[in-house]
Amino acid sequence: TNPGFVVRITQNGLNYAHRQGVTVLEKELAQLKLPDISGDFRIRSVGKVRYEISRLELRDFQLPHSEISLVPRVGLRVSIANAFAELDGNWRVKLHFIRDHGSFRLKVENVYIKISLKLGSDASGKPTIATSDCSTRISKVHVHFSGKFGWLYNLFHSAIESRFRKTLESKVCENVVRSVHTELQPYLQTLPVTANIGTMVGIDYSLVAPPTATAQSLDVGLKGKFFSLAHNSTDPFTPLALAMPPDHDRMVYFGASSYFFNTASFAYQEAGALLFDITDSMIPKGVDFHLNTTTFSAFVPQLEKMYPDMLMKLRLSAPSAPFLSIAPGGLSLQPVVDIQAYAILPNSSLAPLFLLSLRSNVSAVIDVKSGHIVGNLTVGGMKLSLKQSDVGTFQVRTLQSIMNIVARNILLPRLNERLSQGFPLPLPDRTQLSRILVQFQQ
């Protein structure tokens, strides 16, 4: 299935994520819990020495050189070089009848860590991440013991350092795997699969396939489909292939195809949201006419005889969902609106008067604010035609000026008010966008 919406994360975006993530990783690794170490060894002419090392506490863990890189067809690789760690703890020794204890300081330098992260998607369409490989290499470990018999421990520091090296190498990867599982994976799960827009419509942002890593970017294809919350019908169209522009300078790109916007039209139309009733009380102040039969009798003479001095209601509806097209010049659509006019009788019932069809050229401006796609519509030329009349024949063109006022001063502001609230972009928690640029592609 082709995506209706694509998110592209470039190397610049990964570099930014890396700067944020390293701070978290340093804190995570600084909380390494190391096990106590005990054992014995024999020193020539001295005898068997029994030792215990306990209360190991990591004081510092620094990652001065690290990077996140893209691995085509796999995902991501995190590489760390020349990391530094420092920890201390207590020691206890027994040699024949001699017993002593003290403290020690351990410095670990030239730590190299390589982590491979495989990206995928689960059955619900959420992204997944897992550690497919992790290796740690420590080239330099130095231990210094203090205490009455510290000199004795310093005699066999190489054996102790080897134990420390193996313990640290296994524990680092153990903590990384756990951190990816308990921290990173739940964070990716905050990417919304669906987002409800009010009480009528929602957006499906589920992944249509696992993320695709290339040498330049990480592309995530999302369904990008609006749907009615009350109905679960099949769209009358399918998404075409969406080709992202070849740019890779910014951190993140969002690509929305015409399928994304047109499923919105279809869902709102199916949910009955593209239906507006206009009454006289909604006529803006300053507009010099009233929505009543007295006003309209100047254009439809029969109204004065059939329904003298009665208020009217206009019901605007879309007989079919308006479809939007995208071109380098912007967004445009040619909606058709049915306008059913009623007279409001003294008993509040409605008497049908006439049904008009309004065709217009509409251009749309799209922007992004506070993580939402927002829009604004502008109406161009409009053409009015009569579909049905219950009050005899009349010249439709004479109503053109009034319908222009209704469309531009009442209908359009209501639509733009809804569009100004926007539709949420698929963003994980605590993610904000800045320096946003909106472009239109074919």
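The values are calculated or read from the model by the stated rules, or taken from the named source; none is laboratory data. Just so it is clear, the structure is predicted and the values come from calculations on it, not from any experiment. With ideal geometry, Cβ positions are generated from the backbone for all residues, glycine too; neighbour counts draw on all protein chains shown. Ligands, DNA and RNA are excluded from the accessible area calculation, which covers all protein heavy atoms including side chains. Shrake-Rupley method; radii C 1.70, N 1.55, O 1.52, S 1.80 Å.
Some observations on this one:
- Mean Cβ count within 10 Å, highest first, over the residues of peptides 53-59, 279-285, 391-397: 53-59, 391-397, 279-285
- Estimated inter-spin distance, S124 and N82, nm [label 7 Å along Cα→Cβ]: 4.4
- Taking every DSSP helix (H) stretch of at least 4 residues in the chain, weighting each as -39,500 (n - 2.57) and dividing the sum by the residue count yields a mean residue ellipticity at 222 nm of -6000 deg cm²/dmol.
- Residue-count net charge about I373 - beta-carbon cut-off 14 Å; Lys, Arg +1, Asp, Glu -1: +1
- Computed about the Cα centre, the dipole magnitude for segment 194-424 is approximately 280 debye when only Lys and Arg (+1) and Asp and Glu (-1) carry charge, each at its Cβ.
- The stretch between R55 and E67, if pulled fully straight at 0.36 nm per residue, gains 1.1 nm over its current Cα-Cα span.
- The heavy atoms of S66 present about 30 square angstrom of accessible area, all protein chains included, probe 1.4 Å.
- Accessible solvent surface per residue of the chain, calculated while the other protein chains remain in place, 1.4 angstrom probe, Å²: 53
- Distance in nm between pseudo-label sites at S401 and R315 (7 Å out along the Cβ direction from Cα): 2.9
- Residue pairs exceeding 20 angstrom between C-alpha atoms, taken from K305/K387; K140/K171; K114/K140; K94/K166: K305/K387; K94/K166.
- Counting Lys and Arg as +1 and Asp and Glu as -1 over every other residue whose Cβ lies under 13 Å from the Cβ of E52, the net charge comes to +3.
- Among F354, V300, S317 the positive-end extreme of the charge dipole of segment 194-424 (Cβ point charges): V300
- Extension gain, N347-E26: 0.36 nm per intervening residue step, less the Cα-Cα distance, totals 108.1 nm.
- Stretching T378 away from A209 to a fully extended chain increases their span by 57.2 nm, per 0.36 nm per residue minus the current alpha-carbon distance.
- Share of carbon and sulfur in the accessible heavy-atom surface of segment 203-317 [1.4 Å probe, %]: 55
- Positive-end extreme of charge dipole, the chain - chosen from S420, H181, V365 (charges on Cβ): H181
- Alpha-carbon centroid distance for the pair segment 197-258 / segment 110-189, whole angstrom: 37
- Accessible-area rank, largest first, for R137, R430: R430, R137, with all protein chains present and a 1.4 angstrom probe.
- Counting only Cβ charges, +1 for Lys and Arg and -1 for Asp and Glu, the dipole size of segment 12-190 around its Cα centre is about 620 debye.
- Once the C-beta distance of K369 and H101 is scaled by a Förster radius of 56 Å, the resulting FRET efficiency is 0.30 to the nearest 0.05.
- For the pair N90 and A159, a Förster radius of 22 Å applied to the C-beta separation gives a FRET efficiency near 0.75, rounded to the nearest 0.05.
- Sites S332 and D247, calculated FRET efficiency, Cβ-Cβ separation with R0 35 Å, nearest 0.05: 0.90
- Distance (nanometres) between label positions extended 7 Å along Cα→Cβ at N110 and K387: 8.1
- Prolate/oblate/rounded call for the chain, Cα gyration tensor, a/c under 1.5 rounded: prolate
- Projecting the Cα atoms of I405, F97, G125 onto the charge dipole of the chain (Cβ charges, centred on the Cα centre) puts F97 farthest toward the positive pole.
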